[in-house]
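*Asks:* Okay, here's the structure, questions in a sec.
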Amino acid sequence: MSESQTARGRASTSPKERLFAKSRFGTVVRALWPTKPALNLAQRIGCSERAAQFYIAGKRKPSARAIIIVNTEMLD
């Protein structure tokens, strides 16, 4: 079976479901800082905006510092 045939057999999801299903951490970050979430996270944890984008998108596990900052912001 070719790769294109296996892709057809998968259940399709809406773009919104795919966006939020990837990273729960990213969903929380976007809820805390709806405008420029990557920039806000990057400034708070002291990393590059690109690294913050990876955390939000779920392409990398968030650092301990990122988790602590987000947790603190949620509790304030």
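*Asks:* Are there any pairs, at least 6 apart or on different chains, whose C-beta atoms fall under 6 Å, with the first in the stretch 29-57 and within 20 Å of L75 (Cβ to Cβ) and the second among the polar types (S, T, N, Q) and assigned to a helix (DSSP H, G or I), and if so, which?
*Replies:* That search, which allows pairs on different chains as well, returns W33/N40.
*Asks:* Which of the residues spanning the stretch 22-50 are part of a loop (DSSP other than H, G, I, E, B), of a type outside the set (A, V, I, L, M, F, W, C) and within 15 Å of R60 (Cα to Cα)?
*Replies:* Residues satisfying the conditions are S23, S48.
*Asks:* Aliphatic (A, V, I, L, M) and either at pLDDT below 95 or exposed (fewer than 12 other Cβ atoms within 10 Å of the Cβ) (or both), is that true of L32?
*Replies:* no
*Asks:* Considering each residue of the stretch 64-76, count those that are out of contact with any helix residue (DSSP H, G or I) (no Cβ under 6 Å at 6 or more places or on another chain) and surrounded by fewer than 15 Cβ atoms within 10 Å (Cβ to Cβ), and give that number.
*Replies:* Result for the stretch 64-76: 7.
The values are calculated or read from the model by the stated rules, or taken from the named source; none is laboratory data. Fair warning: this is a prediction, and the values are worked out from it, not measured in the lab. Neighbour counts run over all protein chains shown; Cβ positions are idealised from the backbone, glycine included.
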